[in-house]
Amino acid sequence: MVTFLCDQARISFVRVKYLFLTWLTVLVGSWVLYVQYSAYTELCRGHECKNAICDQYRKGIIDGSACSSLCDKDTLYMSRCLSTLPNNQVYTGSWGDHDGIIRCRLGEVVHYELGEEPEPRREAPVFDKPTRGTSVEKFREMVFNHLKSKLGEQANLASLVSQILSVADGNKDGRVSLPEARSTWALLQMDEVLLGLLLQDRGHTPRLLGYCGDLYMTERVPYGPLYGLSLPWPLVSWVPNGVQRTMDQWFTPSWPRKAKISMGLLELVEDIFHGTYGSFLICDLAAEHFGYTDRHELRLTNARAVVPEDEFRRAMRVLKCETDADCVYGVDCQTSCDVSEKRCREEPVRPNLAKACGTLKDYLLRGAPSGLREELERQLYACMALRGNAGQMNMEHSLILNNLKALLWRQISHTKDS
């Protein structure tokens, strides 16, 4: 009898234990789901974005090449949410035969403390420019002055304005209507759109497929980031940098294909160094801002990382400092501090090429052919040592860039990857 009672007590204890564990699992799981759902609904507001844009379109305030498909025909739609900020909506999307990335700006989400009176959500700017009665010539002048303020005095601004007005004619009827002009003006206020248009002619950025208001769709880059592996954000802080770099290398293409992708980055650097519309600086050369196509052609997927050198110099000119650490723009652009004046100098410390070679060093050296590795390593380190304020920098920059491109091209010119 005693043994029987002990067995019954043990069984009851096991049941209670499993019941408790089941309850705890359900509780924790429900909490995780709630947190994830709350984060998702906070970040992913695509329906709000579409409703706001289509409301403006149906009122005749805005128009564009994608408006009818988005709002009337429902042939352009958003799929997976990629947003990391609630007011900057990013989705994968499709439009007929095109797969792409859809981006849209929304008003900021206001966070409240417990007990505070809720305030209305801050709305995005309205589409109020150009105003009714503005002629095409006046709009052309507005665009020209805007570009001049962004890029500085450039000889080719008039041709760039014509290119933008061609994009603004969404229905291709040979004229730019007021709603189309308002959409175009809204897009031009976003630096990433403007710089994307500048760079897509040379194939460096994804092509603009269509727009409606400040919602726009670009072609999708099938492979990215550069290393092919992007850890979920909760894991990034837990995985040591050394382990992460090793894991990154497992997900890269074969070496000849990496060489072709690297050539694309070097050509991007070459094209924005004293290019058609002035010089630009890449102020965040993280591998996740780059991807590549099926043909292993590099694409810059985050044009916000690029800034006109004129704009950079203006920003540095007014920046006060105590040390060099105070003179930083973005992530990778830095000048030195003039301690006597307590002002940042305008000249960038490292040129784009030096930063690009730093990004490519591990990428290219791993798996490099044995007969090439020593020379490649020597050239990459010489490239990384470039300084923006050094004498004869332009000549040295061109020499190192050409040598590095020639070295890579000799290795892949006879392969199918070329």
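Read-outs throughout are calculated quantities, based only on the coordinates presented, and are distinct from any laboratory measurement. Computed from a predicted model, the values in this text were never measured in an experiment. Glycine gets a Cβ as well: all are built from the backbone with ideal geometry, and neighbour counts include every protein chain shown.
Taking the alpha-carbon distance from Lys150 and a cut-off under 22 Å, which lysines remain once sequence neighbours fewer than 8 residues away in the same chain are dropped?
Result set, ordered by chain and number: Lys129, Lys138.
Pop the C-beta distance of Thr84 and Ala385 into the FRET formula with R0 = 30 Å and round what comes out to the nearest 0.05.
Working from the Cβ atoms, E equals 0.30.
In nm, give the distance between the simple-model label positions of Glu288 and Arg175, each being 7 Å from the Cα along the Cα-to-Cβ direction.
4.7 nm
Lysines within cross-link reach of Lys258: Cα-Cα under 24 Å, excluding same-chain residues under 8 positions apart?
The qualifying lysines are Lys355, Lys361, Lys405, Lys416.
Apply the Karplus curve 6.51 cos²θ - 1.76 cosθ + 1.60, θ = phi - 60°, to the phi angles in segment 201-211 and return the couplings in whole Hz, x for Gly and Pro.
3J(HN,Hα) across segment 201-211, in whole Hz: 4, 9, x, 8, 10, x, 6, 6, 8, x, 7.
Can you work out ³J(HN,Hα) from phi for every residue in segment 335-352, in order, using Karplus 6.51 cos²θ - 1.76 cosθ + 1.60 and θ = phi - 60°, giving whole Hz and x for Gly and Pro?
3J(HN,Hα) across segment 335-352, in whole Hz: 10, 9, 9, 7, 5, 5, 8, 6, 10, 6, 6, 8, 6, x, 5, 10, x, 3.
Please state, as a whole number in µm²/s, the translational diffusion coefficient that the Stokes-Einstein equation yields for segment 286-418 at 4 °C and 1.567 mPa s, with Rh defined as the Kirkwood radius across alpha carbon pairs.
D, rounded to a whole number, is 77 µm²/s.
For Tyr223 and Ala155 in the same chain, what is the full-extension length gain: residue separation times 0.36 nm, less their Cα-Cα distance, in nm?
So the chain would gain 20.9 nm between Tyr223 and Ala155.
What's the local net charge at His274, with K and R +1, D and E -1, over the other residues with C-beta under 13 Å away?
Every neighbour counted, the sum reads -4.
For segment 308-320, in order, what is each residue's ³J(HN,Hα) by Karplus, 6.51 cos²θ - 1.76 cosθ + 1.60 with θ = phi - 60°, in whole Hz (x at glycine and Pro)?
For segment 308-320, the Karplus-derived couplings read x, 4, 4, 5, 4, 5, 4, 5, 5, 4, 9, 8, 8 Hz, x marking Gly and Pro.
Which loop trypsin sites (Lys or Arg not before Pro) in segment 304-373, with loop taken from DSSP, have no more than 12 other Cβ atoms within 10 angstrom of their Cβ?
Lys342
Test of the criteria: in segment 43-93, which trypsin sites (Lys or Arg not before Pro) are in a DSSP loop and have at most 10 other Cβ atoms within 10 angstrom of their Cβ?
Counting only loop positions with at most 10 other Cβ atoms within 10 Å, the trypsin sites (Lys or Arg not before Pro) in segment 43-93 are Lys59, Lys73.
Apply the Kirkwood formula to segment 179-224: the hydrodynamic radius equals the inverse of the mean of 1/r over all pairs of different alpha-carbon atoms; give it in Å with one decimal.
Evaluated over segment 179-224, this radius sits at 11.1 Å.
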